[in-house]
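This report refers to the structure that appears directly beneath it.
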Amino acid sequence: MPLFLPKEMAKHVTDLSPKFFVSRGVKAVVLYVDNPLTTHGNPVPAQGVPEWISQMQAAGLCLTILSNNYRERVEPFARKLGLDFISMACKPLTFGLTRACRRYGLKPRQVCLIGDQIFTDIVGGNLKGVLTVLVEPYELEHKWSFRLKRRLERPIIRRYRQKKGESL
């Protein structure tokens, strides 16, 4: 079960402070696009995300976007935020995370991955050994495959909350 459990959870990326990362020895943050930074398929970052990114960069954190999407989706979004990106990451496989670690010359324990899906984002991050943070999606997707995954995630999220002593 630990493979599926995030190390931490937050409502949105904007709820995480530079202190959160620095206190855990994190030097780079890997972000997924759809739902951690904006609604699914939206070319515009969610409210507060550009300011949050500026705050993280001012604290000396390296940030990069990692996505299974094609370059055509990821590059314009990353450019708007002034971030590096890795497209076609093949998550939950760790190829993309390995590239991110190499890009910054960091060990996995110095990297944090923030995502909204357990079976791709969190599993991939846990396989690589990075700090994993699960955030709530800005908007639930309507395709049946996403609805099924979200339903399967519920008992895992419940287990995380029990483990952390949070109320359900």
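The values are calculated or read from the model by the stated rules, or taken from the named source; none is laboratory data. Everything quoted here is computed from the prediction, not taken from an experiment. Cβ placement follows ideal geometry from the backbone for every residue including glycine, while neighbour counts extend to all protein chains displayed. The area values use the complete protein model at the heavy-atom level, side chains included, leaving out ligands, DNA and RNA. Shrake-Rupley method; radii C 1.70, N 1.55, O 1.52, S 1.80 Å.
List pairs: first residue in segment 112-129 and assigned to a helix (DSSP H, G or I), second residue among the charged types (D, E, K, R) anywhere in the structure, Cβ distance under 7 angstrom, at least six positions apart or on different chains.
Ile118/Glu153; Phe119/Lys149; Thr120/Lys91; Asp121/Lys91; Gly124/Lys91
For residues that are among the hydroxyl-bearing types (Ser, Thr, Tyr) and closer than 16 Å to Pro43 by Cα, tally how many sit in segment 60-119.
3
Of all residues in segment 57-75 being open to solvent by less than 60 Å² (accessible area, probe 1.4 Å) and not in a loop (DSSP other than H, G, I, E, B), which is nearest to Gly124 (Cα to Cα)?
Leu66
For segment 142-168, enumerate the residues that are touching a helix residue (DSSP H, G or I) at 6+ places or on another chain (Cβ under 7 Å) and surrounded by 12 or more Cβ atoms within 10 Å (Cβ to Cβ).
Correct list: Lys149, Glu153, Ile156.
Is at least one residue of segment 95-108 open to solvent by less than 30 Å² (accessible area, probe 1.4 Å), touching a helix residue (DSSP H, G or I) at 6+ places or on another chain (Cβ under 6 Å) and not in a helix (DSSP H, G or I)?
No; the residues of segment 95-108 include none that is open to solvent by less than 30 Å² (accessible area, probe 1.4 Å), touching a helix residue (DSSP H, G or I) at 6+ places or on another chain (Cβ under 6 Å) and not in a helix (DSSP H, G or I).
Which condition from (1) touching a residue at least 60 places away in the same chain (Cβ under 8 Å); (2) open to solvent by 50 Å² or more (accessible area, probe 1.4 Å) is the one that Glu51 breaks?
Result: Glu51 fails condition (1) only.
Could you list, in sequence order, the residues of segment 21-37 that are of a type outside the set (Val, Ile, Thr), part of a loop (DSSP other than H, G, I, E, B) and in contact (Cβ under 8 Å) with a residue 24 or more places away in the chain?
Of everything in segment 21-37, those that are of a type outside the set (Val, Ile, Thr), part of a loop (DSSP other than H, G, I, E, B) and in contact (Cβ under 8 Å) with a residue 24 or more places away in the chain turn out to be Arg24, Gly25, Lys27, Tyr32, Asn35, Pro36, Leu37.
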